[in-house]
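First up is the structure itself, then whatever we jot down about it.
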Amino acid sequence: MNRRFSFETRFLVEGRTLLIDLEKRLKVLSSAACHGGLVRARYIMNHQVQANPAAAPATPPKRTWTDPAKYLTQVAGDLGVCGEAVGLMTAVPMKQLVTLREGADNLWVEGFITVGVTNAVRAGDPVKPAKELPCAKPGTINIILVTNARLSDSAMVGAVQVLTESKTAALFAAGVPTWTGRQGATGTGTDAVVIACGAGRNGLSLRYSGTHTKVGELIGRLVMRGVGEGLKRSERWLKRKLAQSDR
């Protein structure tokens with residue numbers, strides 16, 4: 001894989017898939033559909049699917065949308081990945097992928113973010129039947145963070161907490177409504193997060209990662225920037241699609 005933008009993390013975009021190579025099996029915490037939870041993995045994927053795969057008649061043969069883990073395992077195999085890969089799904093085109101980095105001294109955090117908010121919700125809203133949800137346009141905010149610090153298990157959970165607070169703050173700052181038009185969306189109904197941490201070289205072993213810590217500060221800044229930029233790219237993409245449909 002090629003290094004891009006002076007990133008420490010190796011990654012590439014192959015067609016509709018972002019593939020991240022951590023170079024060795026590291027501790028990864030995620031809400032991923034494929035190999036989620038607290039695992040050790042070398043690869044992380046974010047794969048674009050159709051906006052409403054369950055209803056799409058042109059589903060590729062030998063791939064089942066009813067089992068995301070199985071489908072994503074097949075995608076990983078097509079890319080030549082050996083071993084388990086943490087896999088996410090999104091309807092957001094990989095052309096909208098936001099990659100960015102925050103660092104201080106010998107500590108860094110790198111992010112890979114795709115943003116779509118057509119199925120945005122506010123936490124606590126009543127659950128709606130799937131048939132009532134928007135499905136013609138891309139939704140889902142997928143956020144993948146990689147840091148060189150070794151995080152304790154509790155610090156990894158803390159990183160998810162800071163990431164989520166920052167994502168919601170970015171949505172509030174942009175005035176993103178829910179899909180029903182209600183103000184104050186906190187995320188989408190299909191968001192996923194991934195935190196991958198390093199081996200703790202140079203003494204970077206951290207027990208805490210909240211907003212009073214440097215790594216928490218870096219995560220907050222990165223996610224605020226990344227979601228903000230992702231919203232802009234998503235809006236530009238939707239405008240282009242609407243313009244094309246009006247021709």
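Here are some notes:
- Count of region 21-44 residues which are within 22 Å of Gln161 (Cβ to Cβ), assigned to a strand (DSSP E or B) and either aliphatic (A, V, I, L, M) or at pLDDT below 95 (or both): 7
- Within region 177-186, the set of residues being on the phi < 0 side of the Ramachandran plot and surrounded by fewer than 22 Cβ atoms within 10 Å (Cβ to Cβ) comprises Pro177, Thr178, Trp179, Thr180, Arg182, Gln183, Thr186.
The values are calculated or read from the model by the stated rules, or taken from the named source; none is laboratory data. Values in this document were obtained by computation on a predicted structure and should not be read as measured data. Positions of Cβ are backbone-derived with ideal geometry, glycine not excepted, and every protein chain shown enters the neighbour counts.
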